[in-house]
1. Nearest 20 debye, what's the magnitude of the dipole of the chain about its Cα centre given +1 on Lys and Arg Cβ and -1 on Asp and Glu Cβ?
2. For each pair in LYS105/LYS175; LYS112/LYS461; LYS100/LYS375, compute the distance between the two Cα atoms and list the pairs where it is over 19 Å.
3. May I ask you to list, by number, the DSSP H helices of the chain whose Cα span along the axis is at least 27 Å and whose average Kyte-Doolittle hydropathy reaches -1.0 or more?
4. By average Cβ neighbour count within 10 Å, what is the ranking of 296-305, 112-121 from highest down?
5. Based solely on its DSSP helices, what 222 nm [θ] is calculated for the chain when runs of n ≥ 4 H residues each add -39,500 (n - 2.57) and the sum is averaged over all residues, nearest 500 deg cm²/dmol?
6. Over segment 322-478, average the accessible area per residue using a 1.4 Å probe and give it in Å², no decimals.
7. Compute, for segment 209-337, the length of the dipole vector about the Cα centre, with Cβ point charges of +1 (Lys, Arg) and -1 (Asp, Glu) only. Units Debye, rounded to 20.
8. Arranged from highest to lowest average of other beta-carbon atoms within 10 Å per residue, in what order do the peptides 357-366, 336-345, 278-287 appear?
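The values are calculated or read from the model by the stated rules, or taken from the named source; none is laboratory data. None of these values were measured; they are calculated from a predicted model. Cβ: placed from backbone, ideal geometry, glycine included. Neighbour counts: every protein chain shown. Calculation scope for accessible area: heavy atoms of the full protein, side chains included, ligands and nucleic acids excluded. Shrake-Rupley method; radii C 1.70, N 1.55, O 1.52, S 1.80 Å.
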Amino acid sequence: MDIVYSLMYSFLLILSILFYLLMRKQRNNNRSLQGKLPLPPGSMGWPYIGETFQLFSQDPNIFFPSRQERYGEIFKTYLLGCPCVMLASPEAARFVLVSKAELFKPTYPRSKERMIGPWALFFHQGGYHAIVRKLVQSSLSPESIRRLVPDIDAVASAKLRSWDGHKLSTFHAMKEMSFDVGILIIFGEHLSKQRKNEIKRNYFIVDKGYNSFATNIPGTAYSNAIKARKRLGEILREIMEERREHKTMEKDLLSCFLEWKNDKGERLSDNQISDNIFGVLYAAQDTTASVITWMVKYLHDDPKLLEAVKAEQMSIYKRNGCGSQQLQWAHTRKMPFTQRVISESLRMASIISFTYREAVADVEYKGYLIPKGWKVMPLFRNIHHSSEYFPDPHKFDPSRFKASPKPNTFLPFGNGVHSCPGNELAKIEMLVFIHHLVTKYRFEVVGSHSEVEYSPFPIPKHGLQVRIWSTEHADGIA
Ligand code: HEM
């Protein structure tokens with residue numbers, strides 16, 4: 001027995017020594033990086049504020065490329081109180097998001113985390129993130145979306161009918177449509193109208209305060225948003241209770257969350273579910289709405305492009321009983337030209353110019369030091385607008401997507417463990433909307449649309465004001 005114990009002790013001792021040596025080596029490696037490697041080139045701007053003012057006052061097409069031109073594909077800056085390293089090459093994006101993803105954790109301002117809910121998957125890395133992501137991915141997989149195409153079709157058709165004859169902001173109209181599609185994915189078709197309206201009312205109060213100055217002063221947009229977010233949490237808890245009580249489980253995201261348990265029988269808490277429901281709804285909305293807004297502008301600006309999309313969609317429309325039947329998944333597979341227009345819109349608009357991570361250790365990249373705690377930003381827009389990967393990058397040319405882009409050069413949905421699980425849904429939503437818009441409606445842009453505003457994603461000024469009318473009475477108006 002004594003021999004067994006001493007063997008065990010020796011084994012544990014050796015293990016502890018090995019662990020200690022490994023940790024020391026890691027620490028020394030990090031320490032040595034600090035002394036040995038230079039920081040990337042670049043300007044840290046003014047004390048405390050850095051280059052924050054320039055970032056938010058300059059067109060992103062100027063801010064990022066001008067620095068890349070001056071310093072190369074890796075450069076440092078200082079934004080929103082944080083030292084940052086910006087990376088503008090496909091290899092660097094892959095390094096941060098995929099191959100060395102464990103060295104870079106997601107990072108968001110505390111105020112945003114508080115608003116969305118600390119359990120939302122964006123804020124996590126590791127085991128918990130993997131569980132939630134798998135559930136979200138399964139609800140948004142092509143197999144799940146396939147059966148939802150007719151419902152998405154119904155949402156898009158109803159929205160367009162309600163806008164017939166009106167002048168409206170494309171962006172705001174698209175936000176409404178994306179909201180309805182998000183509700184469909186999360187709650188299926190069985191959410192009562194009253195519940196939906198309650199969620200919508202509170203959701204849009206949160207939306208209004210999300211990017212406002214974070215303060216608890218009563219009556220401000222931020223404090224109203226925090227209150228509305230709390231109320232949303234309560235509504236979601238009531239819905240979960242109802243589902244548990246009536247044992248009504250559907251094939252939607254909420255049911256996926258409610259049904260999940262691990263092999264120890266542990267389940268997700270109500271707070272975890274509610275933060276993720278809100279997170280998905282939020283992630284789905286402005287992104288999709290901004291890209292569709294740009295697409296409508298690109299179609300408007302180029303009549304030949306519009307005609308080509310229309311020709312493809314009309315042939316599907318005619319074969320599908322001239323709109324008497326709903327679109328199915330199979331129809332969306334027969335829209336190769338429109339799909340290329342979507343890819344080119346995603347590239348040109350690059351609504352997510354970059355993403356943020358934080359280095360969890362000192363990291364060496366191409367002979368430069370990325371110090372622990374610094375923000376690290378892969379610049380998607382710079383990659384998408386580089387003539388090296390996309391010749392004549394400022395020309396809208398869907399034909400460039402006839403061939404697949406080179407690896408890591410086309411990242412509208414990010415890459416790696418945090419890449420967008422909603423990308424297929426977003427693309428289906430765009431295909432279905434464009435199908436109805438070009439086959440049954442005409443539209444014209446009203447007022448100026450060459451300037452860009454940030455909400456916070458770049459969109460055409462005033463959300464692209466358009467007048468839209470059904471072709472049934474087009475002759476009377478056009
Ligand atoms: C055109 C529309 C969209 C664009 C351009 C877009 C873009 C992105 C990007 C770039 C990321 C990765 C961010 C990062 O790495 O930091 C992301 C993450 C995410 N997106 Fe999207 N997205 C879109 C639509 C959607 C939709 C429709 C949904 C849901 C229904 C969605 C849900 C999410 C979620 C949950 C994440 C976080 C994933 C994680 O952290 O694991 N997105 N999106």
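1. On the way: 63 positive and 48 negative charges, 109 e Å.
Computed about the Cα centre, the dipole is about 520 debye.
2. Values: LYS105/LYS175 29 Å; LYS112/LYS461 25 Å; LYS100/LYS375 15 Å.
LYS105/LYS175; LYS112/LYS461, as the Cα separations exceed 19 Å there.
3. On the way: long enough: 2-36 (50 Å, 0.22); 221-246 (37 Å, -1.10); 270-301 (47 Å, 0.03).
Helices meeting the criterion: 2-36, 270-301.
4. Numbers: 296-305: 16.8, 112-121: 19.1.
Ranked by mean Cβ neighbours within 10 Å, highest first: 112-121, 296-305.
5. Numbers: 19 runs with 261 residues, N = 478.
Only helices count here, giving -17500 deg cm²/dmol.
6. On the way: 6660 Å² over 157 residues.
For segment 322-478, the solvent-accessible area averages 42 Å² per residue.
7. Values: 19 positive and 17 negative charges, 59 e Å.
About 280 debye.
8. Numbers: 357-366: 17.8, 336-345: 19.6, 278-287: 21.2.
Order by mean packing, descending: 278-287, 336-345, 357-366.
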